[in-house]
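**Q** One structure follows; several queries about it will come next.
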């Protein structure tokens, strides 16, 4: 007699939540085992289409746990033996399939800084679609994850502002692509604040800001600037000088931004410098006069927190070969170890 009992069935059900198909595998139902593993894989791949399909993956795990319990109880009634081989296969496939998906199609990342606020906050966990950027490339306005060209051990999350061959110029905080300003409108001036955490400090601080709504390509999103921008915009034509975050800088060297001299390794070598072109002499500080040309097979990326982002304005364009994926959405957000369910969802 092969009696495992209710306690074993409950343990198998819990294990089947982690490893869908383990219950059927334990009792030799290999077809059912493979179907559950296939369903789990399909539900993970579906997240690359929309973050709102994440609950489907959770539902499949619940169903797999229930089926694991039923499989053991049914095997007890039919006096079917357990098989260690089925357990080994189920565990191996549940390890291999997610690993393969992570390597080729979908990977999770965590936002460590406020450089993408308000779109992504510190503690936001996102999924990145790694497949479609390889098939169709990336578009202007999309959020991407990439290997930082100058620090190959770090991943960055930024927004694509311009593509290869396009020009970028930032004057008095307005971003111009190919000489055309990105559409923007003031959302909040006075009273705009956000929370920031400067590593390695563990103390949160409140930063002042001004909030704008900006459009790049088909994407409309919110960005932060310093709190004084609305006042400067009101007297834009009378400003004696531009902003410290304008790009390219009107003072000093006219060399295009790139990884610092001395950086070595394949990622730094992949980065082309691009070029800076002067288009007008004697222009006012807020007028177009000096732009950056994105080199071939590169993109220009910026953070949404424009006055607090280390991005292409300072270290150059991102080689397309270093792009890991396109951000699909937020699947988990933690603030002070407390989950923020209101943060779940897609991002633009």
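**Q** Let me have the relative contact order for the chain, percent, based on Cα pairs under 8 Å that are six or more residues apart.
**A** Values: 742 pairs, mean separation 68.8, N = 348.
Computed value for the chain: 20 percent relative contact order.
**Q** Now for a separate question. Distance in nm between label sites at residue 100 and residue 337, each 7 Å beyond Cα in the beta-carbon direction?
**A** 3.9
**Q** Using 0.36 nm per residue, how much length does the chain from residue 297 to residue 218 gain when fully extended, once their Cα-Cα distance is taken away? List each step's numbers first, then the result.
**A** Values: separation 79, 0.36 × 79 = 28.44 nm, distance 2.11 nm.
Additional length available on full extension: 26.3 nm.
**Q** Another question about this same structure. Using just the helices of the chain, give the 222 nm mean residue ellipticity in deg cm²/dmol: DSSP H runs with n ≥ 4 each add -39,500 (n - 2.57), and the total is spread over all residues, rounded to 500. Each step should come with its number before you reach the end.
**A** Working: 9 runs with 103 residues, N = 348.
Calculated mean residue ellipticity at 222 nm is -9000 deg cm²/dmol.
**Q** Determine, for 224, 30, 156, the number of other Cβ atoms within 10 Å of each Cβ, and report the residues in order from fewest to most. List each step's numbers first, then the result.
**A** Working: 224 30, 30 16, 156 25.
Ascending number of Cβ neighbours within 10 Å: 30, 156, 224.
**Q** Fewest Cβ neighbours within 10 Å first, please rank 134, 235 accordingly.
**A** On the way: 134 13, 235 8.
Ascending number of Cβ neighbours within 10 Å: 235, 134.
**Q** Here's another thing I want to ask about it. PRE reach from residue 84 (point 7 Å along Cα→Cβ): which of the range 2-43 fall under 16 Å by backbone N?
**A** Zone members listed by number: 26-28.
**Q** Also, quick follow-up: Relative to the longest principal axis of the chain, what angle (0 to 90°, nearest 10) does the C-alpha long axis of helix 30-47 take?
**A** 20
**Q** What is the helix-to-structure angle for 54-78, meaning the angle in degrees between its Cα long axis and the longest Cα principal axis of the chain, kept from 0 to 90 and rounded to the nearest 10?
**A** Once rounded, one gets 10 degrees.
**Q** Still on this structure, please answer the following. Taking the chain as the reference, fit the longest principal axis to its C-alpha atoms, fit the long axis of helix 84-104 to the helix C-alpha atoms, and give the angle between the two in degrees, 0 to 90, nearest 10.
**A** 10
**Q** With r defined as the distance between the Cβ atoms of residue 198 and residue 42 and R0 fixed at 41 Å, what FRET efficiency is calculated, to the nearest 0.05?
**A** On the way: r = 42 Å, r/R0 = 1.02.
So the FRET efficiency works out to roughly 0.50.
**Q** A further question follows. Express the relative contact order of the range 5-104 as a whole percentage, based on alpha carbon pairs under 8 Å and six or more residues apart in sequence. Walk me through the numbers on the way to the answer.
**A** Working: 133 pairs, mean separation 42.5, N = 100.
42 percent.
**Q** Between residue 183 and residue 275, what length in nm is gained on full extension when 0.36 nm per residue of separation is reduced by their alpha carbon distance?
**A** Numbers: separation 92, 0.36 × 92 = 33.12 nm, distance 2.50 nm.
That works out to 30.6 nm of additional length.
**Q** By how many nm would the segment from residue 70 to residue 206 grow when fully extended, if each residue of separation counts as 0.36 nm and the alpha-carbon distance is taken off?
**A** Working: separation 136, 0.36 × 136 = 48.96 nm, distance 5.29 nm.
Going from the current span to full extension adds 43.7 nm.
**Q** Quick one: check the C-alpha center-to-center distance for the range 141-213 versus the range 1-65, whole angstrom.
**A** Value for the Cα centre distance between the two parts: 41 Å.
Every read-out reported here was derived from the displayed coordinates using simple, explicitly stated rules and does not represent laboratory data. Predicted, not measured: the structure shown is a model, and the values here were computed from it. FYI the Cβ positions are ideal-geometry reconstructions off the backbone, even for glycines, and counts take in every protein chain you see.
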